[in-house]
1. Specify the residue that is farthest from A161 (Cα to Cα); the eligible residues are those in segment 340-395 that are open to solvent by less than 20 Å² (accessible area, probe 1.4 Å) and at pLDDT below 85.
2. So which residues in segment 216-227 are surrounded by fewer than 21 Cβ atoms within 10 Å (Cβ to Cβ) and either out of contact with any strand residue (DSSP E or B) (no Cβ under 9 Å at 6 or more places or on another chain) or among the small types (G, A, S) (or both), if there are any at all?
3. What number of residues in segment 152-165 are farther than 16 Å from L125 by Cβ and either aromatic (F, W, Y) or open to solvent by less than 40 Å² (accessible area, probe 1.4 Å) (or both)?
4. Given the criteria open to solvent by 70 Å² or more (accessible area, probe 1.4 Å) and under 23 Å from V174 (Cβ atoms), does R140 qualify?
5. Can you find, within segment 195-215, the residue that is most open to solvent (accessible area, probe 1.4 Å) among those that are part of a strand (DSSP E or B) and more than 28 Å from R363 (Cβ to Cβ)?
6. Here are some residues: G192, G186. Which one is open to solvent by less than 40 Å² (accessible area, probe 1.4 Å) and part of a loop (DSSP other than H, G, I, E, B)?
7. Looking at L109, L86 in this structure, which one is part of a loop (DSSP other than H, G, I, E, B), among the hydrophobic types (A, V, I, L, M, F, W, C), open to solvent by 10 Å² or more (accessible area, probe 1.4 Å) and in contact (Cβ under 8 Å) with a residue 24 or more places away in the chain?
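The values are calculated or read from the model by the stated rules, or taken from the named source; none is laboratory data. Every value quoted in this text rests on a predicted model; they were computed, and no experiment measured them. A quick note on method: Cβ atoms are made from the backbone with ideal geometry, for glycine too, and the neighbour counts reach across all protein chains shown. All accessible areas refer to the heavy atoms of the entire protein, side chains included, with ligands and DNA or RNA removed. Shrake-Rupley method; radii C 1.70, N 1.55, O 1.52, S 1.80 Å.
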Amino acid sequence: MREVEEARGERRETRAGRGETRGESREVTIPGDTDAEPAPAACADEPCVVHTPMGERFVSYDEGHTYVVANVPVGACYTAAASYPLPREGVRVLHEDEAVIVVDKPAYLPTENTRDIKDSVRSRLEAMLGAREEAHIDLRMPHRLDWETSGVLVVARGAKAMKALAMQFAERSVGKTYVADLLGVGPPASRGVIEMPISADMERLPLQRVDYRSGRAARTMWQLIDQLPAEDAACCRRTAAEGETAAETVNETEGGSRGTACCRRAARAWRVRLRPETGRRHQLRVHMLALGAPIAHDPLYDRAVRGSQGGTAGGAARGGVREGGVGDEASGEGEFAAGGCTWEDDLLCKSCGSRVQPPVDTRLHLHAAELSFIHPLTGQQMHFRSEPPFDLKAC
């Protein structure tokens, strides 16, 4: 509760967008009004600690106690079963022994079977082990990845391994690193920390909300590692006129890259490295949206932003975007064309009714890139990596 009370106090003290310095970091607590600047200029290249949603992606109806995603009416936001995209890739096994199986999960494949989807990482691994005629198959999930998220996932084999891994996750000793591509005004600094408690938005499930009253503590560290400049932005043109290209403003620092504050705000896409210290549902997606920069092609939270163009709780009018569904904003018609068929809205072929795979560049740009833990039997430090299967330029 102390962190929540501090956040509330700082929010009251900084309604005009001030920041307070604590040690080597600068606190940034900017209210969610539409006139707010992306970040105080003094904070642009210093580590920031952000406690309050920035910009207009979140809105509060109770004087700042809770913030809900803007432009989403009250009502169910779940995707209709007919809209579920198919996973493009199979499950790739990175490591297997008597205690754990580590896999690279593709997007659009659940960790476990759901009410509507009877295909998952667990079911595929059980089928793999069953084909080997193994006598004892007991797979357990110490953690999960969102359905749309790809990346490294560890599966426990048996109760003993499950207990050891679950304890490591509970103690937050497991190393988790994600890579995400962001859109919007961009992060307020090249690196920083987001501390915003999260709870379920019961009126707009499965959306989550920032909740300073009863939410569970959530903390995410971010670091900017790349950006895609908007070459026609005024500041980039000015930089070029002064003899420096926009690309030259991106400099390697401390294992990542950052541009000048001006060009960072002008860029149209950013790649960040995220390290969640907690594991709340949709934590990374909520925290990035709270920075004013939704994760690219997020079919749930970015849909909420596009909803201002005429969307409803069931999906945006343009592009048919739903949770797990994917739309195409480029055409303005909400249609895809591939393989001789045309699809719209629910990812169903208009002529034959078959389900389709979305275009490659429309999947959620969030990937679990690294996972490290102590082996439950040997005590050895294990570390696994997987490269993001999406391109920043596809944003």
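1. So, considering only residues that are open to solvent by less than 20 Å² (accessible area, probe 1.4 Å) and at pLDDT below 85, the one farthest from A161 (Cα to Cα) is C349.
2. A217
3. Looking only at that region, the number is 1.
4. Numbers: open to solvent by 70 Å² or more (accessible area, probe 1.4 Å): yes; under 23 Å from V174 (Cβ atoms): yes.
Yes; evaluated as a whole, the condition is true for this residue.
5. Filtering first and then ranking leaves E195.
6. Working: G192 fails: part of a loop (DSSP other than H, G, I, E, B).
So the residue among G192, G186 that is open to solvent by less than 40 Å² (accessible area, probe 1.4 Å) and part of a loop (DSSP other than H, G, I, E, B) is G186.
7. L86
Results for (1) buried (at least 19 other Cβ atoms within 10 Å of the Cβ); (2) without any contact (Cβ under 8 Å) to a residue 12 or more places away in the chain; (3) within 27 Å of R363 (Cβ to Cβ), shown as yes or no for each residue.
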residue	(1), (2), (3)
S120	yes, yes, yes
G130	no, yes, no
A135	no, yes, no
T149	yes, no, yes
S173	no, no, no
